[in-house]
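Asks: My structure is below; once you've seen it, I'll send some questions.
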Amino acid sequence: MSVSKPLPHDAARLHVTGAARYVDDIPTPARCLHLAFGLSQVAAGRIKSIDLEAVRHAPGVVGVWEANDLPSDCDCSPSAHDEPMLSGKTIHYFGQPVFLVAATSYLAARKAVKAAEILFETRDAILTIDDALAAESRFEDGPRVWSKGDAGEAIDTAPHRIEGEIEMGGQEHFYLEGQTALAIPQEGGDILVHASTQHPTEIQHKVAHALHLPMHGVRVETRRMGGGFGGKESQGNALAIACAVVAAKTGRPAKMRYDRDDDFMITGKRHDFRIAYRAGFDAEGRVLGVEFVQYARCGWAQDLSLPVADRAMLHADNAYHLPAIRIESHRLRTNTQSATAFRGFGGPQGMLGIERVMDHVAHHLGTDPLAVRRANYYAAAQDVDAGGGPAPRSAQPNAPRDISGPKKDADSTTRGASPTVSQMPGAPQPDRVRAPQHQTTPYGQAVTDFILHAMTDRLERDADYTKRRETIAAWNAQSPVLKRGIALTPVKFGISFTLTHLNQAGALVHVYQDGSIAMNHGGTEMGQGLFQKVAQVAASRFGLSPEAIRITATDTAKVPNTSATAASSGSDLNGMAVKAACDTIRDRMAEHLARLYQTEPGTVRFADGHVHVGDAVLSFGEAATLCYEGRVSLSSTGFYKTPGLQWDRIKGRGRPFFYFAYGAACTEVVVDSLTGEYRILRADILHDCGTSLNPALDIGQIEGGYVQGVGWVTTEELVWDSEGRLRTHAPSTYKIPACSDRPDVFHVALWDGANREDTIYRSKAVGEPPFMLGISALMALSDAISAHGSRYPDLHAPATPERVLSAIQRVRDGD
Amino acid sequence: MRQLAITVNGEVRTADVEDRTLLVEFLREGLGLTGTHVGCDTTQCGACTVIMDGQAVKSCTVLAVMAEGAEVRTIEGLADGDRLHPLQDAFSRHHALQCGFCTPGMIMASLDVIERHGADLDAQTVRHELEGNLCRCTGYHNIVKAVLDAAGRGSPR
Ligand code: FES
Ligand code: FES
């Protein structure tokens, strides 16, 4: 069987020979136009005057458009219909597209843009969390609040208390391939769009809306992306719409690729957060009550900020059973790029909040942070029915009204969409067996699959944590300048889209008469190896090797109404949909062959490239030919929807997740107290992928996720100046991890254990969870800094050398 | 505009270019060799790395006219027909790629590293030498493994 094999990425050969095609590599069609946006040079205000004459007359320019020249508002928003493609008179952020230029070459378009003369009338921009709070500038009409028990009371009566605050910066996706789209006009006014996107259906919907076409008039194709990480869930909409509008207006193909600086200036990034906390605990560090106030800086438009902020709340517990908790979440509107999806989707921010609390509690008690973490873990999974318990449905006091309700032209296939009826409070609940022995999350989901006790034990052993901790303490005692630190932190990440209806997928499988197979599904390939994993599933169903399967580009004309490839859900959903399609065809084949050979369909076996029917053994190709000649349909769609989900985001109650994925990482660092610079010396990771569909691809996701997570908490710093201009808009000033930053010693192992839920071959999703393993690096830095004195370091993220240095100073100056 | 002759992957290729045309544009748009990618346009990501007269260069920062008469080698010229170059094979086997966008530049830069260091190549050197080639997906671990393997130095894990 081809599942569980560590096969290389399906396009590996194409990649190493340079033959793999990205959108910009598609041979440029004749007469193709190249597009560029002219960007706002202020963060907030109005356009006093705009003179684009020089732009119009610049060499090579074919057309120039301002907002009111467009066929519609060309809305780019995946949620609230609040993102016109071009600004019009009102400016919301520095870098906002104001006008669009089409020219005969990429360079001509970019040069022409510079000739614009625009006078802006500025007003005070709302840039920071504090600005937004002062101005009451927010999405939704007030903070969202979820709670369980009486956290205030529990904290006030606890033997020990701490309080504090952690700031965590945003993060630029820095997909190596920048945003790109190409639109080609078709007959009858139809449009074909090639887009580097995680969400072809969304592009289809937005382009159709912009051009007043039905969705069937727009076809979107995505073969692959050069990285996505969430940055291509909604941020590619503007380019695709611009190309489609120009193609429709001029009848010529149109292509747009943001240059790297524009990509930084225009597109949204990870939300930066501030999380204030207060916790009460006992002498063992067991948290009795905790309160969080989460402030999310969402930027100028709503985009996916509500579900991102929800997910931050949903991960405020991480791996810990918190008997009393109150989470208050503020979604703040600022004059900056509209923050968007990024691997983890708010989960990392929420999780960092509670990890910070654990670290702070341990420091307060003078104990090993790992002991505190363990003391707070959820109870271990028992060998009981793995079904999730039903949601307790206590009324929520003061829950604000949801004003994110259905908007005109609402696109229900995005994560920014509003919940459907089945997800609304009061909708019929699926019957489920109650498993009262399980502890529940702050939102009432029973934790039935908790395996972190055993995983932590094993990682502690494999990484030799306890002994190294002692060695480090001894080493630090005689090393005045360099200090080492170590931390072991867990991850529990909820798998499913929290907008329940997105948890569906479709597939299309064709078996040709020669036995070769073409497979298509709604997921997109961005490097994660989804296509290969799903091909392995298809191959296994037919007893073939994966080479027998041709994986074709994601295409809205083949599989409609797809969800974004996001929320780590790609293989879970699409794998199941492909399996369903394959099984339908297999059953038809088995039935026909059984009839021919006068045996039972149930005895027909597909294995080793052959079909075994009674005593006969046919090659798969022969079997396909026989079925074709017998007039058996060899093509099928497949469909899957995740069972058992039910979620009320206003109350914060229900079962939003099908299951949890787990992991743990142990990181050791060394810090130079003279400069604040540091290195990661060693990282050990143990991660849970259920029964891995492809261990090599999964390990790749874990390594890459960890390094990206470490980047988020260490070197990746976004800096806006007082005018709201992003100052770190290129790799020269924005530092993602480089090859030399990789840990000196790096061990990654997979936890061996099947998913308790009935997922595709009992595997688990792996896209996002490993990102949060990177948090261990921040905690290790905190540990190293703590060696300089008795005060708590209060280290913020990203812990750049400057921040580390000032934390060292604080710790030294402390008591 | 002027006519330019550059030897690319062993073949003399000519094209009319403007003085300001970059080598990467010459390769991608002039010759259709789209395996050389553009990741940053500003000499920082390494996605556009090619070999020019035996040296790794970032082709987004070389003018095509500077390559006049030079020998340029791109990712497309690495395999011997159907037989992959050992580096290509190692990148594929060691899962040293995910989205693959950095891969051609990474391989061309590694080719140069291996050539310069030969038998002295170790993990530390590879990590240092590849600092100018960014990868956002893999975390670099498998890239280093692949380069060492191709150089015949085994794997560090
Ligand atoms: S594109 Fe040349 S170095 Fe990035
Ligand atoms: S594999 Fe995606 S950037 Fe390296």
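Asks: Can you list the strands (runs of 3 or more DSSP E) found entirely within segment A:120-187 that contain at least 1 residues being touching a residue at least 12 places away in the same chain (Cβ under 8 Å) and exposed (fewer than 15 other Cβ atoms within 10 Å of the Cβ)?
Replies: Numbers: elements: A:144-148, A:160-168, A:180-185.
Fully inside segment A:120-187 and qualifying: A:160-168.
Asks: I've got another one for you. Given the residues B:LEU134, B:LEU121, which is the only one that is out of contact with any strand residue (DSSP E or B) (no Cβ under 8 Å at 6 or more places or on another chain) and more than 15 Å from ligand 2 (Cβ to nearest atom)? Steps first, please.
Replies: Details: B:LEU134 fails: more than 15 Å from ligand 2 (Cβ to nearest atom).
None of the others qualify; the one that does is B:LEU121.
Asks: Additional query: Consider segment B:83-97. How many of its residues are on the phi < 0 side of the Ramachandran plot, within 14 Å of ligand 2 (Cβ to nearest atom) and either at the interface with another protein chain (Cβ under 8 Å from one of its Cβ atoms) or free of Cβ contacts under 8 Å to residues at least 12 places away in the same chain (or both)?
Replies: Matching residues across segment B:83-97 total 3.
Asks: Given the structure, is A:ILE203 more than 16 Å from ligand 2 (Cβ to nearest atom), within 25 Å of A:PHE342 (Cβ to Cβ), surrounded by 24 or more Cβ atoms within 10 Å (Cβ to Cβ) and away from chain B (no Cβ under 14 Å)?
Replies: On the way: more than 16 Å from ligand 2 (Cβ to nearest atom): yes; within 25 Å of A:PHE342 (Cβ to Cβ): yes; surrounded by 24 or more Cβ atoms within 10 Å (Cβ to Cβ): yes; away from chain B (no Cβ under 14 Å): yes.
It is true that A:ILE203 is more than 16 Å from ligand 2 (Cβ to nearest atom), within 25 Å of A:PHE342 (Cβ to Cβ), surrounded by 24 or more Cβ atoms within 10 Å (Cβ to Cβ) and away from chain B (no Cβ under 14 Å).
Asks: Would you mind stating whether B:ALA79 is in contact with a strand residue (DSSP E or B) (Cβ under 9 Å, 6 or more places away or on another chain), away from ligand 1 (no atom under 13 Å from the Cβ) and among the hydrophobic types (A, V, I, L, M, F, W, C)? Before the answer, list the steps.
Replies: Details: in contact with a strand residue (DSSP E or B) (Cβ under 9 Å, 6 or more places away or on another chain): no; away from ligand 1 (no atom under 13 Å from the Cβ): yes; among the hydrophobic types (A, V, I, L, M, F, W, C): yes.
For B:ALA79, the condition - in contact with a strand residue (DSSP E or B) (Cβ under 9 Å, 6 or more places away or on another chain), away from ligand 1 (no atom under 13 Å from the Cβ) and among the hydrophobic types (A, V, I, L, M, F, W, C) - is not met.
Asks: Consider segment B:26-59. How many of its residues are more than 16 Å from ligand 2 (Cβ to nearest atom) and surrounded by 24 or more Cβ atoms within 10 Å (Cβ to Cβ)?
Replies: Residues that pass the stated criteria total 4.
Asks: Another question about this same structure. Could you please give the count of residues in segment A:683-741 that are touching a helix residue (DSSP H, G or I) at 6+ places or on another chain (Cβ under 7 Å), facing chain B (nearest Cβ under 8 Å) and either more than 28 Å from B:VAL126 (Cα to Cα) or of a type in the set (A, V, I, L, M, F, W, C) (or both)?
Replies: 5
Asks: Where the second residue is more than 13 Å from ligand 2 (Cβ to nearest atom) and the first is of a type in the set (D, E, K, R) and lies in segment B:31-49, which pairs have Cβ atoms under 7 Å and are six or more apart or on separate chains?
Replies: B:ASP41/A:ASP259; B:ASP41/A:ARG260; B:ASP41/B:CYS60
Asks: Given the condition more than 7 Å from chain A (Cβ to nearest Cβ), acidic (Asp, Glu) and away from ligand 1 (no atom under 12 Å from the Cβ), answer yes or no: does some residue in segment B:57-72 qualify?
Replies: Here is the first cut: in segment B:57-72, the ones more than 7 Å from chain A (Cβ to nearest Cβ) are B:57-72.
Okay, now just the ones that are also acidic (Asp, Glu), so B:68, B:71.
Restricting the remaining residues to those that are away from ligand 1 (no atom under 12 Å from the Cβ) gives B:68, B:71.
Yes, that holds for at least one residue.
Asks: Go through (1) within 14 Å of chain B (Cβ to nearest Cβ); (2) surrounded by 24 or more Cβ atoms within 10 Å (Cβ to Cβ); (3) within 29 Å of A:GLY346 (Cα to Cα) one by one and return the number of the condition A:ARG223 breaks.
Replies: Failed condition: (2).
Asks: State yes or no: is B:MET1 surrounded by fewer than 24 Cβ atoms within 10 Å (Cβ to Cβ), among the hydrophobic types (A, V, I, L, M, F, W, C) and more than 15 Å from ligand 1 (Cβ to nearest atom)?
Replies: Numbers: surrounded by fewer than 24 Cβ atoms within 10 Å (Cβ to Cβ): yes; among the hydrophobic types (A, V, I, L, M, F, W, C): yes; more than 15 Å from ligand 1 (Cβ to nearest atom): yes.
Criteria met by B:MET1.
Asks: Still on this structure, please answer the following. Against the condition among the acidic types (Asp, Glu), crowded, with 21+ Cβ neighbours inside 10 Å and more than 14 Å from every other protein chain (Cβ to nearest Cβ), how does A:ASP82 come out, does it pass?
Replies: Working: among the acidic types (Asp, Glu): yes; crowded, with 21+ Cβ neighbours inside 10 Å: no; more than 14 Å from every other protein chain (Cβ to nearest Cβ): yes.
Spelling it out, it is not the case that A:ASP82 is among the acidic types (Asp, Glu), crowded, with 21+ Cβ neighbours inside 10 Å and more than 14 Å from every other protein chain (Cβ to nearest Cβ).
Asks: Do you know which of the residues in segment B:103-149 that are within 16 Å of ligand 1 (Cβ to nearest atom), more than 13 Å from the chain's Cα centre (by Cα) and of a type in the set (A, V, I, L, M, F, W, C) is nearest to A:PRO731 (Cα to Cα)?
Replies: So, considering only residues that are within 16 Å of ligand 1 (Cβ to nearest atom), more than 13 Å from the chain's Cα centre (by Cα) and of a type in the set (A, V, I, L, M, F, W, C), the one nearest to A:PRO731 (Cα to Cα) is B:CYS135.
Asks: Would you confirm whether any residue within segment B:60-72 is closer than 14 Å to B:ASP112 by Cβ and within 16 Å of ligand 2 (Cβ to nearest atom)?
Replies: Our first condition is that a residue be closer than 14 Å to B:ASP112 by Cβ; within segment B:60-72, this holds for B:71-72.
Among the residues that remain, those that are also within 16 Å of ligand 2 (Cβ to nearest atom) are: none.
No; the residues of segment B:60-72 include none that is closer than 14 Å to B:ASP112 by Cβ and within 16 Å of ligand 2 (Cβ to nearest atom).
Asks: State whether the residues of segment A:799-811 include one that is in a loop (DSSP other than H, G, I, E, B) and in contact (Cβ under 8 Å) with a residue 60 or more places away in the chain.
Replies: As a first pass, look at segment A:799-811 and keep what is in a loop (DSSP other than H, G, I, E, B): A:799-800.
Those left that are additionally in contact (Cβ under 8 Å) with a residue 60 or more places away in the chain: A:799-800.
Yes; the residues of segment A:799-811 include at least one that is in a loop (DSSP other than H, G, I, E, B) and in contact (Cβ under 8 Å) with a residue 60 or more places away in the chain.
Asks: Okay, next question. Provide a single number: the residues in segment A:1-38 that are more than 7 Å from chain B (Cβ to nearest Cβ), over 30 Å from A:GLY690 (Cβ atoms) and of a type in the set (Gly, Ala, Ser).
Replies: Total satisfying the criteria: 3.
Asks: Six or more apart or on different chains, Cβ atoms under 8 Å: show the pairs whose first residue is in segment A:40-60 and on the phi > 0 side of the Ramachandran plot and whose second is modelled with pLDDT of 95 or more and among the charged types (D, E, K, R).
Replies: Once the first residue is on the phi > 0 side of the Ramachandran plot and sits in segment A:40-60, its partners that are modelled with pLDDT of 95 or more and among the charged types (D, E, K, R) give A:GLY45/A:GLU121; A:GLY45/A:ARG123.
Asks: Here's a follow-up. Being surrounded by fewer than 19 Cβ atoms within 10 Å (Cβ to Cβ) and either in contact with a Cys (Cβ under 6 Å, 6 or more places away or on another chain) or of a type in the set (Gly, Ala, Ser) (or both) is the filter here; which residues of segment A:188-197 pass it?
Replies: Residues satisfying the conditions are A:GLY188, A:GLY189.
Asks: If you don't mind, another one. When you scan segment B:120-142, how many residues do you find that are part of a helix (DSSP H, G or I) and either at the interface with chain A (Cβ under 7 Å from one of its Cβ atoms) or acidic (Asp, Glu) (or both)?
Replies: 8
Asks: Residues of segment A:704-741 being in contact with a strand residue (DSSP E or B) (Cβ under 9 Å, 6 or more places away or on another chain) and without any contact (Cβ under 8 Å) to a residue 40 or more places away in the chain, which ones?
Replies: A:VAL719, A:ARG727
The values are calculated or read from the model by the stated rules, or taken from the named source; none is laboratory data. Keep in mind the model is a prediction, meaning the values are calculated, not measured. So basically every Cβ, Gly included, is an ideal-geometry build from the backbone, and we count neighbours across all protein chains shown.
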